[in-house]
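Worksheet for the structure shown next.
Values in this text are rule-based calculations from the coordinates and carry no lab data. Because the structure is a prediction, the values reported are computed rather than measured. Here the Cβ positions follow ideal geometry from the backbone for every residue, glycine too, while neighbour counts run over all protein chains shown.
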Amino acid sequence: QTGSANTNPSDSADDEYITNVSIGTPAQVLPLDFDTGSSDLWVFSSETPKSSASGHVTYSPSKSSTAKKLSGASWSITYGDHSSSSGDVYTDKVTVGGFSVSSQAVESATKVSTQFVQDTVISGLLGLGFDVGNTVKPRAQKTWFSNAANSLAQPLFTADLKHQQTGSYNFGFIDTTLAKGPIGYTPADGSEGYWGFTATGYSVGGAKLNRNSITGIADTGTTLLLLDDDVVNAYYNNVESAQYDDSQQGVVFDCSEDLPSFSFGVGGTTITIPGSLINLTPVSDGSSTCFGGLQSSADIGINIFGDVALKAALVVFDLGNERLGWAQK
Ligand SMILES: Cc1c(C=O)c(-c2nnc3c4c(C[n+]5cc6c(C)n(C)c(C)c6c(Cl)n5)n(C)c(C)c4cnn23)c(C)n1C
């Protein structure tokens, strides 16, 4: 068995990607942000304060004949941008891309932070990280993919995110026609809940890869490519007008600049992010100053290959073999 779901950028900056998920009986369809950097499936619901839920599609367990309260269970999560949410837990049927898990933990939000209140295009997140990262207490719950894995043709999924176009999350199979180059595989470290891996080197503007390895995570829930300062500086030293903008909290440059590409080695292959994907978006509507898609990870303590990097590749999240595959698109 397999599943295949389309995913769409939420706005002109590809800030996040929206995938529709069916929950309950009859199906309640909610737009969720699939996040390989976390392991909770949580939703805006009938239990979310009305003022916070305004403008959001919500899940009502009372309207689902297959919903069951997970008695005594609660959850609470904080993300890298300091957004947060918390609540209680139901189990219900959850279908993604035509594949159903009959008893999935659906975490219902009784509290959501401002960022989520304002982000009305999504009704929650579907975590695709490792189960060890799930926040439900007293007993951690499995992710949708973890519950699905044993019934899928293969215990893996792929992410094919695109710039301003419809992409896909495929479950249980690899559609190699989505890639231009071979798939390079490298071990994945799931001990922290993330999909951790090591890139063997990097280069700017098509130069030969160096041998400076970069250890980080493949995170569909993070917009940017966040790397060490020495890498960020090596890149922006090639961009005439690049400068750090305090108010924007990042490197900005003239939107007219022809940005160099950024490449990294992984699993014996090379992934090249075209400069156009690193010219993310004007700092404000109509501005001729643009914000960089590559920014520093210095304050975070972990390197994050977010959507800016993932958009250049077909990425295979292979749970069965605890490995990550990357192929140039
Ligand atoms: C350590 C870390 C991150 C780790 O993940 C991270 C980050 N980066 N994108 C996102 C997130 C997103 C994606 N996301 C990013 C957005 C940006 C940059 N902007 C301007 C808007 C309007 C966004 C929306 Cl609606 N959505 N979402 C939905 C959530 C819950 C995120 C949590 N953190 N996050 C940041 C900024 N930092 C410092």
Notebook entry, point to check: Quick check: anything in segment 19-35 within 30 Å of GLY216 (Cβ to Cβ), among the small types (Gly, Ala, Ser) and surrounded by fewer than 23 Cβ atoms within 10 Å (Cβ to Cβ)?
Noted result: no
Notebook entry, point to check: If you take just the strands (runs of 3 or more DSSP E) that sit entirely in segment 128-232, which of them hold at least 1 residues that are out of contact with any His (no Cβ under 7 Å at 6 or more places or on another chain) and of a type in the set (D, E, K, R)?
Noted result: 156-160
Next item on the list: Could you grab me the full set of residues in segment 245-256 that are in contact with a Ser or Thr (Cβ under 6 Å, 6 or more places away or on another chain) and either loosely packed, with under 15 Cβ neighbours inside 10 Å or outside any strand (DSSP E or B) (or both)?
Entry: ASP254, CYS255
Next item on the list: Considering only segment 1-35, state which residues are under 23 Å from LYS93 (Cβ atoms) and either touching a Cys at 6+ places or on another chain (Cβ under 7 Å) or assigned to a loop (DSSP other than H, G, I, E, B) (or both).
Entry: GLN1, THR2, GLY24, THR25, PRO26, ALA27
Margin query: among the β-branched types (Val, Ile, Thr) and in contact with a helix residue (DSSP H, G or I) (Cβ under 9 Å, 6 or more places away or on another chain): is that true of ILE214 in this structure?
Written below: yes
Check: Restricting the search to segment 278-324, which residues are assigned to a loop (DSSP other than H, G, I, E, B), near the ligand (Cβ under 10 Å from one of its atoms) and more than 20 Å from THR36 (Cα to Cα)?
Finding: ASP299
Note to self: Considering only segment 256-277, I want to know if a residue exists there that is in contact with a Gly (Cβ under 7 Å, 6 or more places away or on another chain), within 12 Å of the ligand (Cβ to nearest atom) and in contact (Cβ under 8 Å) with a residue 40 or more places away in the chain.
What the structure shows: no
Check: Looking only at segment 219-231, which residues are more than 9 Å from the ligand (Cβ to nearest atom) and either surrounded by fewer than 23 Cβ atoms within 10 Å (Cβ to Cβ) or more than 11 Å from ASP35 (Cβ to Cβ) (or both)?
Finding: LEU225, LEU227, ASP228, ASP229, ASP230, VAL231
Item checked: Residue list for segment 108-118, filter: outside any strand (DSSP E or B) and either more than 10 Å from the ligand (Cβ to nearest atom) or within 17 Å of VAL29 (Cα to Cα) (or both) -> THR114, VAL117
